[in-house]
1. For segment 105-133, which residues satisfy the criterion of being surrounded by 13 or more Cβ atoms within 10 Å (Cβ to Cβ) and part of a helix (DSSP H, G or I)?
2. Among the residues of segment 195-243, which ones are of a type in the set (G, A, S) and crowded, with 16+ Cβ neighbours inside 10 Å?
3. Somewhere in segment 205-225, is a residue closer than 27 Å to D15 by Cβ and assigned to a helix (DSSP H, G or I)?
4. Quick one: what pairs do we get from segment 126-137, first residue within 12 Å of V161 (Cα to Cα) and touching a residue at least 12 places away in the same chain (Cβ under 8 Å), second assigned to a loop (DSSP other than H, G, I, E, B) and among the small types (G, A, S), C-beta under 7 Å, 6+ apart or different chains?
5. Inside segment 140-157, can you point out the residues that are buried (at least 20 other Cβ atoms within 10 Å of the Cβ) and touching a Lys or Arg at 6+ places or on another chain (Cβ under 9 Å)?
6. Give just the number: which of (1) in a loop (DSSP other than H, G, I, E, B); (2) surrounded by 21 or more Cβ atoms within 10 Å (Cβ to Cβ); (3) not acidic (D, E) does H270 not satisfy?
7. Would you check if I118 is closer than 29 Å to F250 by Cβ, touching a Gly at 6+ places or on another chain (Cβ under 7 Å), at pLDDT below 95 and not acidic (D, E)?
8. Yes or no: segment 186-200 includes at least one residue that is among the aliphatic types (A, V, I, L, M), touching a Phe, Trp or Tyr at 6+ places or on another chain (Cβ under 9 Å) and assigned to a helix (DSSP H, G or I).
Amino acid sequence: MALPPYRVDYSPVIDRPIIKWPNDARLAVWISPNVEHTEYLPDFDGVRDPWPRTPYPDVQQYSFHDYGNRVGFWRMLEVMDRYEIKCTVSLNMAVLEHFPEIARAMVDRDWDFMSHGIYNTRYIATYPEDRERDFYRDCKETLMRHTGKVLKGMLGPACSVSERTPDLMAEAGLIYHTDWFHDDQPVPIKVKSGKLVSVPYSVEVNDAALFGKHYEGEYFLQMCVDQFDQLYAEGAESGRVMCIALHPYFVGQPHRIKFLDEMVRYVTSHDQVWMTTADEIAEYYLANYYDQAVAHAARLRG
């Protein structure tokens, strides 16, 4: 079985064209809160059950996720405000309609947004082409209506995609995808029309991956610091990207929030860091390095 060379060319990091971020930054850091809404009685799409613990309604898991919107988001927001962080929200679009207070808080701070689906309990993996095309239209229109922002990227709902997803994203005018966890730099993704890039996201430096497996705040802090230090050192030669993925129902718990504060303070204490958003990373890469990367990959293929 072949890997998908028709989507992404193999290009070892050791000999790529050098990337220089704005102001000679070594490392582009973006923080991505996953602001989600999970349904009390979601439909089963025939692929998998998001909460297999019990038949619906699963009050325990529904209410645990709901904690993020009631309490955790606001606690996390205080940390982001303290360090003047402009986030890229991985957003379930229904949040904008269900929770107008959260929508207003994010808009007031001029945060950027990438789609994380409508709800986190609805996947696009089984959508037929027309329905997936309508999905992007719905996401774009909903975001524009509530925030005035143009949708530029996506992390698939529950990281679900179809084989057509990159093509349909580019067709809809999106410029980046964060489901490809395969690099420390942006990478071109081949599509039928337009241009699409992979912006590094993380399932490693991700509070859900850690706290969901009962690792705690000290471990999360140390992992983030270690990841940052290594990428910051490598970025002296060619710019790297670090994403810090958060979920308010995890990191916004009272016993964890101090570790988020310590981590953000550490990252922002370094001079050669570009605190940015996924939108800005994708736009900068497309304008300055996309064509170089495509040409370099073509030379490697011979």
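1. A105, M106, V107, E132, R133, listed by residue number.
2. Within segment 195-243, S198, S202, A209, G217, G235, S238, G239 meet the criteria.
3. No.
4. As it stands, the answer is T126/G46; Y127/S162; E132/S162, since those pairs meet every condition given.
5. Passing the criteria: L143, L151, P157.
6. Only one criterion is unmet by H270, namely (2).
7. For I118, the condition - closer than 29 Å to F250 by Cβ, touching a Gly at 6+ places or on another chain (Cβ under 7 Å), at pLDDT below 95 and not acidic (D, E) - is not met.
8. No: segment 186-200 contains no residue that is among the aliphatic types (A, V, I, L, M), touching a Phe, Trp or Tyr at 6+ places or on another chain (Cβ under 9 Å) and assigned to a helix (DSSP H, G or I).
The values are calculated or read from the model by the stated rules, or taken from the named source; none is laboratory data. This is a predicted model, so every value here is computed, not measured. Cβ sites come from the backbone with ideal geometry, for glycine too, and all protein chains shown count toward neighbours.
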